[in-house]
Amino acid sequence: MKRNESSVDRIIRAVVAIAAVAGAAVLGMTTVAGIVLLVVAAIMLVTAAVGWCPLYSLFGVSTCAVTTSTSSAQDEVGAAS
């Protein structure tokens, strides 16, 4: 699994998970809405901890910064001119 979440994305997921747990506590942990919120919280926490989202992979999305190499063939050609 290649990481496809940025640090900001992971922090937002953790905050959403905490809010979902709080919402489940307010609505009641055993209600349908509470259980749905707990499942959402679990998914958000796991993806935040791992740094990989299966839906991002499915749709080809990545919020990670793109790394570029400092030396490439294009740079060498440009430097020779």
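Here, each number is a calculation from the coordinates, and none is a lab measurement. As the structure is a prediction and not an experimental result, all values here were calculated from the model.
Quick notes on this one:
- Shown in residue order for segment 46-61 are the 3J(HN,Hα) couplings computed by the Karplus curve 6.51 cos²θ - 1.76 cosθ + 1.60 at θ = phi - 60°: 5, 5, 5, 5, 7, x, 9, 10, x, 5, 4, 5, 4, 9, x, 9 Hz (x for Gly and Pro).
- Gain in span if fully extended, Val15 to Ala65, counting 0.36 nm per residue against the direct Cα distance: 15.9 nm
- Across segment 17-31, computed HN-Hα scalar couplings (Karplus, 6.51 cos²θ - 1.76 cosθ + 1.60, θ = phi - 60°) run 5, 5, 5, 5, 5, 4, x, 5, 5, 5, 7, x, 5, 9, 7 Hz from first to last residue, x flagging Gly and Pro.
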